[in-house]
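Where a number appears in this text, it was derived from the coordinates with a stated rule and is not lab data. The structure displayed is predicted, hence computed values, not measured ones. Heads up, the Cβs are rebuilt from the backbone with ideal geometry, glycines too, and the neighbour counts pull from every protein chain shown.
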């Protein structure tokens, strides 16, 4: 896995936010072809919880679903390893004994509103703080985690255009960069402005992912 292992771990941010950033990048439907055989391959990451990802893998017309292991910016499923630096291109390697196949995959574009929603959204005032994470979206279902002023939760939220609702917590963004989280504490309904967390890119001369094919 030398080509994949050279992908940098990411920017100098907290371990929690680093993990969230990598998870957001990994989730999606990745398509491409193996470089040696030119056979199409589809690797779909439905959602990630902790260090476990639910994936769908399609190759030679055969599709299977299962749980894969997440480590930083990579996912391992049996003999397969997928890794991405930017969330748009990924390197896929299949190894069996001494046989190795590789592919460069491209993430399929999501609907514009849904694509804006996915990510880690953070905001704070002198008295309150919010972290709202949209891991993935499938149709009108969104995998959501949140920490609102110390109250945590996770589950499947309902998507409508540029908004996600999960119980008494809702999130909306008009532009994919700024948003508002509305939540209830006791009898009070509060709103807090949030921004999408976008870590600064780490400068690197490595181009191993692009050279994999």
Taking N as the number of residues in segment 32-155, the ratio of its alpha carbon radius of gyration to 2.2 N^0.38 Å works out to 1.24
Least to most buried among 104, 137, by other C-beta atoms within 10 Å and fewest first, runs 104, 137
Relative contact order of segment 112-196 (C-alpha contacts under 8 Å, at least 6 apart) in percent is 25 percent
Short to long, in 5 Å steps from zero, the percent of alpha-carbon pairs of segment 69-112 per bin is 6, 21, 26, 23, 14, 6, 2, 1, 0
Quick numbers on segment 112-196, Rg and Dmax over C-alpha atoms in Å, give 11.6, 37
Ranked on Cβ counts within 10 Å of their own Cβ, fewest leading, 180, 81 go 180, 81
